[in-house]
1. Hey, among the residues in the stretch 160-174 that are out of contact with any Gly (no Cβ under 7 Å at 6 or more places or on another chain) and part of a strand (DSSP E or B), which one's surrounded by the most Cβ atoms within 10 Å (Cβ to Cβ)?
2. What is the residue count in the stretch 139-153 for residues that are touching an Asp or Glu at 6+ places or on another chain (Cβ under 8 Å) and open to solvent by 20 Å² or more (accessible area, probe 1.4 Å)?
3. Identify the residue in the stretch 105-138 that is open to solvent by 30 Å² or more (accessible area, probe 1.4 Å) and hydrophobic (A, V, I, L, M, F, W, C) and, among all such residues, is modelled with the highest pLDDT.
4. Out of (1) assigned to a loop (DSSP other than H, G, I, E, B); (2) open to solvent by 70 Å² or more (accessible area, probe 1.4 Å), the odd one out for Ala157 is which?
5. Return yes when Arg73 is under 30 Å from Arg168 (Cβ atoms), in contact with a strand residue (DSSP E or B) (Cβ under 6 Å, 6 or more places away or on another chain), open to solvent by 90 Å² or more (accessible area, probe 1.4 Å) and at pLDDT 75 or above and no when it is not.
6. Just a yes or no: is a residue in the stretch 88-100 open to solvent by less than 60 Å² (accessible area, probe 1.4 Å), at pLDDT below 80, farther than 30 Å from Arg9 by Cβ and touching a Gly at 6+ places or on another chain (Cβ under 8 Å)?
Amino acid sequence: MSSRVRVLRKQNRLSLEALAERVGVTKSYLSKVERGLSDPSISTALKLAHALNVDVGRLFSDEVEPELVTVVRADERTPMGTGTGPGDTRYEGIATGLTDKRMVPFMMHPPTDPADPPFKSHAGEEYLFVHEGTAELEFPERTVTLGPGDSVYFNSALPHRCRSTGGRPAAVLVVIHDEPSGPADRVPTLP
């Protein structure tokens, strides 16, 4: 139960102190529960479950929660957007079944069309890893050429655009992280 309480607390974006206050226990006691040094009473477990918005059974289950771990096989990616034209970027969602996530991973296949797509920007940070092919990531003041195995991490508020080079669309893993101000804007917009 110890690691499960810690994971659920972090999923709910609660500090140790905030959860302890909600449950009516000391921060020190809750820390001992999370480290497996103390077992909560049934009444404390019920309060913990209520504060973490879960059924009390989830605190005691030995099974790995399906929503805590998700595996997506290459042929199970979710197509996102149309991406049917020669100048369109094609996106494939990864981990789309996982809710309440703070990172948005997907595969991007940027167009090879020489026409420049508009620059895009959004809140948060972005990580690109070229899986296959070659691509150019362009910023207003700089262009970065990327080949297989190359990666780039940047503040995604900086205007950027990406295109494939080398005659065929590249396969680029993109992970966007956006620290939301509230649940309504949890998922950032695709670039």
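The values are calculated or read from the model by the stated rules, or taken from the named source; none is laboratory data. The model shown is predicted, which means the values in this text are computed figures rather than measured ones. Neighbour counts are summed over all protein chains in view; Cβ atoms, including those assigned to glycine, are modelled from backbone coordinates with ideal geometry. Note: accessible area is taken over every heavy atom of the protein model, side chains too, but ligands, DNA and RNA are not part of it. Shrake-Rupley method; radii C 1.70, N 1.55, O 1.52, S 1.80 Å.
1. Val172
2. Final tally of qualifying residues: 5.
3. Phe129
4. All conditions pass for Ala157, except number (2).
5. no
6. Yes, that holds for at least one residue.
Residues checked against (1) under 21 Å from Arg102 (Cα atoms); (2) aliphatic (A, V, I, L, M); (3) at pLDDT 90 or above:
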site	(1), (2), (3)
Phe154	yes, no, yes
Arg163	no, no, yes
Gly167	no, no, no
Ala171	no, yes, yes
His177	yes, no, no
Leu190	yes, yes, no
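Here's the yes/no breakdown for (1) surrounded by 11 or more Cβ atoms within 10 Å (Cβ to Cβ); (2) at pLDDT below 75; (3) more than 30 Å from Ala171 (Cβ to Cβ):
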{"residue": "Arg4", "(1), (2), (3)": "yes, no, yes"}
{"residue": "Ser15", "(1), (2), (3)": "yes, no, yes"}
{"residue": "Ala18", "(1), (2), (3)": "yes, no, yes"}
{"residue": "Tyr29", "(1), (2), (3)": "yes, no, yes"}
{"residue": "Thr44", "(1), (2), (3)": "yes, no, yes"}
{"residue": "Leu52", "(1), (2), (3)": "yes, no, yes"}
{"residue": "Asp62", "(1), (2), (3)": "no, yes, yes"}
{"residue": "Thr84", "(1), (2), (3)": "no, yes, no"}
